[in-house]
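Below is one structure, written out as structure tokens, with a few remarks after it.
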Amino acid sequence: MEQSRARAFDEFVAARWSVLVHLARLLVGGDRHRAEDLLQESLVKLWFVWPRVADDAPEPYVRKVMVRAAARSGQRRWWGERPVEQLPEAAVVGDVSADVVERSRLEAALAQLSPKQRVAVVLRYYQDLPEGQVAEALGCPVGTARSHAARGVAQLRKLLGNVNEPVR
């Protein structure tokens, strides 16, 4: 019984890892390491409730845990990192495509939003969730979730300079 539980959990994680880590990366503003930490913490919580949610909806459960944790993370004062003007060593210049640059711009702009705005924008426009589910994930009324998303999009437009082309 325990082995089949572990096997089903492992299969879920293997099948959905890339999608979930990408969502986590967007929720934390592009930091890959924080995204992996967020996802791993969420998967630990999923493991403990796996027998209850395995047959129903494990992915929405993980998404909800990640969203709440990402929204709470903005309330912390210090991340233990200090940004510097220049990197200690020169980066190797390689072939950088326009898509990667544009995606990086978007991630940097997302990182400048408040955690709740970032979560609302990512869930509403990247995950294409209805406003009701965004509000449920944020734990707030639909109007508040709509307001977070609208303010987040307005801030993104200001930061990105009203780009009319869709980001790929």
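Observations
- Flag for ASP10 being under 15 Å from ALA69 (Cα atoms) and at pLDDT 85 or above: no
- Restricting attention to region 104-144, the residues being under 15 Å from ALA154 (Cβ atoms), among the small types (Gly, Ala, Ser) and assigned to a helix (DSSP H, G or I) number 2.
- Every listed requirement among (1) at pLDDT 90 or above; (2) within 19 Å of the chain's Cα centre (by Cα) is met by GLU107 save one, (1).
- Within region 101-145, tally of residues that are of a type in the set (D, E, K, R), without any contact (Cβ under 8 Å) to a residue 60 or more places away in the chain, farther than 18 Å from LEU38 by Cα and crowded, with 16+ Cβ neighbours inside 10 Å: 1
The values are calculated or read from the model by the stated rules, or taken from the named source; none is laboratory data. Bear in mind that the values here come from a model prediction, so they are computed numbers and not experimental data. Cβ coordinates were reconstructed from backbone atoms using ideal geometry, including for glycine residues, and neighbour counts include every protein chain displayed.
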